[in-house]
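These notes concern the structure reproduced below.
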Amino acid sequence: MERPDPKFAIIGAGMSGILAAIKLQEAGLDFTVFEKADRVGGTWRENTYPGIACDVPSHIYSYSFELNPEWGYLSSPGEEVQRYFEMVAEKYGLDAHIRFGEAVSSAAWDGEAWHVGTDNGFSGRFDWVIAATGVLHHPKRPDIDGLDDFAGPIFHSAQWDHDVEFEGKRIAVIGNGSTGTQLTGALGGRTEKLSLFMRTAQWVVPLEQVEYSEEEKQAFRTDADLLRELHESLSDSFHEGFASNIIDAETQMVRDMEVVCTDALETRIADPVLREKLRPDYTLGCKRLVVSHNFYDAVQLPSVEVVTDAIDRLESGGVRTADGVLHEVDIVVLATGFHVDSFMRPMDIHGVDGVLLDDVWKERPSAYLALGIHGFPNFFMLNGPNSPVGNFSLIATAELQFSYIMQLVEMWRSGQADFVHPADEAAARFEAERVEAAKKTVWATGCRSWYLDDRGIPFAWPFPFDRFKAEMAEPKLGDYITH
Ligand code: NAP
């Protein structure tokens, strides 16, 4: 049975949702995108804190089919990345397909198709669901006592309050991951005082910022091959050279990078006391690497202090540390990361025989090859659990995942399958192999990080990028239930 007119629901209009929409449009298929906010952009729309930038080179962080000669910087500021996604969505006329301000609240499989419901009462039937909901989108407030006792403005970095003036104020930044580091680099020297509360020192890669000149941009505009070559060479060296190697703590590259980062710490931080505070005591790459051109300058400004004493609690006037000191501040920013195990939840998702995704994922989320779940036919995720979120470009990952999903869609459209979902045994086999490999990665060498699940096992893709590419090249049909 040929199926000429399938309908797709895409959840989310961030980087992956835009990608899915463009690809379905190119294939001439019918799709609706559900977006909870009023604009596209996902994480780049949500995160507007000072200093936000893409620390993956911008010319990699672009769709392969929509390279961008206009990137202004090697690591573009967040607003430039947001503008890129808005430009792409507009170019492809996606707005007409997006239901803005509508969050998907439920999806139920009826044996043939999905019934998708939203929080404002929409209900529709779709043959396929693509969940493109992202990973880092549920802000995590830390378990610190007294958060509500603080008298001044207090907000998470992903919920930046732009009405709050920080010039002339004393500001506390809690957390020094990629976000806290960028914030400190940008705000340092622009406030009366900035206190960075740092629980664990980070390995900081001292990558200098590069601004592309007008001549370079003009060359990229007029020579598509030049732009493509740059994209490809950066992608190859980044994925195969850097990201695939850094997974393995034993590689020479990890040691070499430790030397480079230590050298930057030794030569750029003048005060030996501060230098020791900033010295990490775990293997480089165990936590997600922080890349910064200005963090080490910022922390040496007279108006910036790095506080490594543990936080005891927040009080109305500031942050009380365990040594009894009250650090008086006017504003508190929680750069404390995200709940990374939510994915498309909270959402009522019922698969075969009404099985609830929340029950299937009761212990923790997991997915066959990071994109499919047994018992949830024709339901696939982009950048879902176990995706290569480590140091790879999420765009390259999502492109490979989507072309894989389209092969399953084609199989179903041509009538070779009534529906498609991974077999339980295949999913279990993949997960067992993945866990064994994950235990041997650099992420498991002894540090606290958002890569670790509730058992302390890294949840990300633990294999090199070429294995991911090989897996995504063609589905193993024997791993799927199709009738
Ligand atoms: P994160 O890496 O999870 O860092 C959270 C920070 O908050 C850590 O320093 C953590 O300390 C601290 N923290 C958490 N709970 C705390 C508590 N109770 N008391 C004191 N400190 C606490 O979060 P993130 O910096 O927002 O970054 C998350 C991810 O987003 C990054 O790894 C990256 O993948 C992505 N990101 C990317 C970019 C980019 O440029 N592309 C920019 C920003 C973010 P510990 O280290 O001790 O746990």
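If you check Asp453 against the conditions, is it open to solvent by 10 Å² or more (accessible area, probe 1.4 Å) and within 15 Å of the ligand (Cβ to nearest atom)?
Numbers: open to solvent by 10 Å² or more (accessible area, probe 1.4 Å): yes; within 15 Å of the ligand (Cβ to nearest atom): yes.
Judged against the criteria, Asp453 is a match.
Give region 414-429 a look and list any residue that's crowded, with 20+ Cβ neighbours inside 10 Å and in a helix (DSSP H, G or I), or say none. Steps first, please.
Step one: of region 414-429, the residues crowded, with 20+ Cβ neighbours inside 10 Å are 417, 419-422, 427.
Within region 414-429, just Ala427 meets the criteria.
For region 431-449, name all the residues that are within 16 Å of the ligand (Cβ to nearest atom) and either open to solvent by 40 Å² or more (accessible area, probe 1.4 Å) or part of a helix (DSSP H, G or I) (or both).
Within region 431-449, the subset within 16 Å of the ligand (Cβ to nearest atom) is 441-449.
Scanning region 431-449 gives Val442, Trp443, Ala444, Thr445, Gly446, Arg448.
Would you please list the contacts, defined by Cβ atoms under 7 Å and residues six or more apart or on different chains, that run from a residue in region 310-336 that is at negative phi to a residue that is assigned to a strand (DSSP E or B) and away from the ligand (no atom under 16 Å from the Cβ)?
Qualifying pairs under 7 Å: Glu315/Leu326; Gly317/Leu326; Gly317/Glu328; Arg320/Leu326; Glu328/Arg170; Val329/Arg170; Asp330/Arg170.
Any idea which of (1) away from the ligand (no atom under 12 Å from the Cβ); (2) polar (S, T, N, Q); (3) at pLDDT 95 or above is the one Asn120 doesn't satisfy?
Of everything listed in (1) away from the ligand (no atom under 12 Å from the Cβ); (2) polar (S, T, N, Q); (3) at pLDDT 95 or above, Asn120 misses just condition (3).
Quickly run through region 53-77 and pick out the residues that are more than 16 Å from the ligand (Cβ to nearest atom) and of a type in the set (Val, Ile, Thr).
none
Mind listing just one residue for me: the one in region 214-229 that is open to solvent by less than 40 Å² (accessible area, probe 1.4 Å) and not basic (Lys, Arg) and, of those, farthest from the chain's Cα centre (by Cα)?
Of the residues in region 214-229, the ones open to solvent by less than 40 Å² (accessible area, probe 1.4 Å) are 217, 219-220, 227.
With the extra rule that they be not basic (Lys, Arg), the set shrinks to 219-220, 227.
Numbers: Ala219: 31, Phe220: 28, Leu227: 25 Å.
Checked region 214-229; the qualifying residue farthest from the chain's Cα centre (by Cα) is Ala219.
Does Pro385 count as assigned to a loop (DSSP other than H, G, I, E, B), under 20 Å from Val420 (Cβ atoms), of a type outside the set (D, E, K, R) and within 16 Å of the ligand (Cβ to nearest atom)? Don't jump to the end; show me each part of the working.
Numbers: assigned to a loop (DSSP other than H, G, I, E, B): yes; under 20 Å from Val420 (Cβ atoms): yes; of a type outside the set (D, E, K, R): yes; within 16 Å of the ligand (Cβ to nearest atom): yes.
The answer is yes for Pro385.
Give me a count of the residues in region 248-265 that are assigned to a helix (DSSP H, G or I) and either in the same structural domain as Ala438 (by TED's automatic domain parsing) or modelled with pLDDT under 95 (or both).
Initial filter on region 248-265 (assigned to a helix (DSSP H, G or I)): 252-265.
Filter once more, keeping what is either in the same structural domain as Ala438 (by TED's automatic domain parsing) or modelled with pLDDT under 95 (or both): 252-257.
Counting residues in region 248-265 that are assigned to a helix (DSSP H, G or I) and either in the same structural domain as Ala438 (by TED's automatic domain parsing) or modelled with pLDDT under 95 (or both) gives 6.
Please indicate, with yes or no, whether at least one residue in region 2-13 is among the basic types (Lys, Arg) and more than 27 Å from Phe392 (Cα to Cα).
Going residue by residue through region 2-13, those that are among the basic types (Lys, Arg) are 3, 7.
Among the residues that remain, those that are also more than 27 Å from Phe392 (Cα to Cα) are: 3, 7.
Scanning region 2-13 turns up at least one residue that is among the basic types (Lys, Arg) and more than 27 Å from Phe392 (Cα to Cα).
Being part of a helix (DSSP H, G or I), modelled with pLDDT of 95 or more and not assigned by TED's automatic domain parsing to the domain that holds Ser195: is that true of Arg275 here? Working first, answer last.
Values: part of a helix (DSSP H, G or I): yes; modelled with pLDDT of 95 or more: yes; not assigned by TED's automatic domain parsing to the domain that holds Ser195: no.
Answer is no for this residue.
If Glu167 meets every condition in (1) over 28 Å from the mean Cα position of the chain (by Cα); (2) more than 16 Å from the ligand (Cβ to nearest atom); (3) at pLDDT 95 or above apart from one, which number is that one?
(3)
Taking Asp143 and the conditions (1) within 9 Å of the ligand (Cβ to nearest atom); (2) in contact (Cβ under 8 Å) with a residue 60 or more places away in the chain, which numbered condition does it fall short on, given that it satisfies the others?
Status for Asp143: all satisfied but (2).
Return a yes/no flag: does region 440-448 have any residue that is among the hydroxyl-bearing types (Ser, Thr, Tyr) and closer than 18 Å to Arg364 by Cα.
no
What number goes with the only condition from (1) buried (at least 19 other Cβ atoms within 10 Å of the Cβ); (2) touching a Lys or Arg at 6+ places or on another chain (Cβ under 7 Å) that Glu328 does not pass?
With respect to (1) buried (at least 19 other Cβ atoms within 10 Å of the Cβ); (2) touching a Lys or Arg at 6+ places or on another chain (Cβ under 7 Å), Glu328 is out only on (1).
Counting just the residues of region 293-304 that are in a loop (DSSP other than H, G, I, E, B) and open to solvent by less than 30 Å² (accessible area, probe 1.4 Å), which one comes out nearest to the ligand (Cβ to nearest atom)?
If we filter region 293-304 for residues that are in a loop (DSSP other than H, G, I, E, B), which is where we start, we get 293-294, 299-303.
Filter once more, keeping what is open to solvent by less than 30 Å² (accessible area, probe 1.4 Å): 299, 303.
Values: Val299: 14, Ser303: 21 Å.
Within region 293-304, the match that is nearest to the ligand (Cβ to nearest atom) is Val299.
Filter region 343-358 for residues that are part of a loop (DSSP other than H, G, I, E, B) and closer than 18 Å to Thr118 by Cα and give the result.
As a first pass, look at region 343-358 and keep what is part of a loop (DSSP other than H, G, I, E, B): 343-347, 351, 355.
Result: Phe343, Met344, Arg345, Pro346, Met347, Gly351.
Can we say Phe392 is at negative phi and part of a loop (DSSP other than H, G, I, E, B)? Write out each step before concluding.
On the way: at negative phi: yes; part of a loop (DSSP other than H, G, I, E, B): yes.
Judged against the criteria, Phe392 is a match.
Given the condition open to solvent by 30 Å² or more (accessible area, probe 1.4 Å) and under 30 Å from Asp418 (Cβ atoms), answer yes or no: does some residue in region 157-176 qualify?
no
Looking at (1) without any contact (Cβ under 8 Å) to a residue 60 or more places away in the chain; (2) in a loop (DSSP other than H, G, I, E, B); (3) closer than 26 Å to Trp44 by Cβ, which is the one condition that is false for Gly168?
(3)
Okay, residues lined up against (1) within 16 Å of the ligand (Cβ to nearest atom); (2) of a type in the set (Asp, Glu):
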{"residue": "Ser233", "(1), (2)": "no, no"}
{"residue": "Gly241", "(1), (2)": "no, no"}
{"residue": "Met257", "(1), (2)": "no, no"}
{"residue": "Thr262", "(1), (2)": "no, no"}
{"residue": "Arg275", "(1), (2)": "no, no"}
{"residue": "Tyr282", "(1), (2)": "yes, no"}
{"residue": "Val291", "(1), (2)": "yes, no"}
{"residue": "Asp309", "(1), (2)": "yes, yes"}
{"residue": "Gly317", "(1), (2)": "no, no"}
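One line per residue, one yes/no per condition, for (1) more than 15 Å from the ligand (Cβ to nearest atom); (2) part of a strand (DSSP E or B); (3) under 27 Å from His156 (Cα atoms); (4) open to solvent by 30 Å² or more (accessible area, probe 1.4 Å):
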residue	(1), (2), (3), (4)
Phe31	yes, yes, no, no
Gly51	no, no, yes, yes
Glu79	no, no, yes, yes
Arg83	yes, no, yes, yes
Met87	yes, no, no, yes
Ser105	yes, yes, yes, yes
Val116	yes, yes, no, no
Val129	yes, yes, no, no
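I'd like the residue in region 138-156 that is assigned to a strand (DSSP E or B) and not aliphatic (A, V, I, L, M) and, out of all such residues, is most open to solvent (accessible area, probe 1.4 Å). Talk me through it step by step, then tell me what you get.
Within region 138-156, the first condition is being assigned to a strand (DSSP E or B), and the residues that meet it are 139, 145, 154-156.
Next, from what is left, pick out any that are not aliphatic (A, V, I, L, M): 139, 145, 155-156.
Working: Pro139: 42, Asp145: 106, Phe155: 18, His156: 2 Å².
Out of the qualifying residues, it is Asp145.
Which members of region 429-471 meet the condition of being among the polar types (S, T, N, Q) and more than 20 Å from the chain's Cα centre (by Cα)?
Pass one, region 429-471, residues among the polar types (S, T, N, Q): 441, 445, 449.
Hit for region 429-471 is Thr445, nothing else.
The values are calculated or read from the model by the stated rules, or taken from the named source; none is laboratory data. In this text, all values refer to a predicted model and were calculated from it rather than measured experimentally. Positions of Cβ are generated from backbone atoms using ideal geometry, with glycine treated the same way; all protein chains shown enter the neighbour counts. These accessible areas exclude ligands, DNA and RNA; they are computed on the full protein's heavy atoms, side chains included. Shrake-Rupley method; radii C 1.70, N 1.55, O 1.52, S 1.80 Å.
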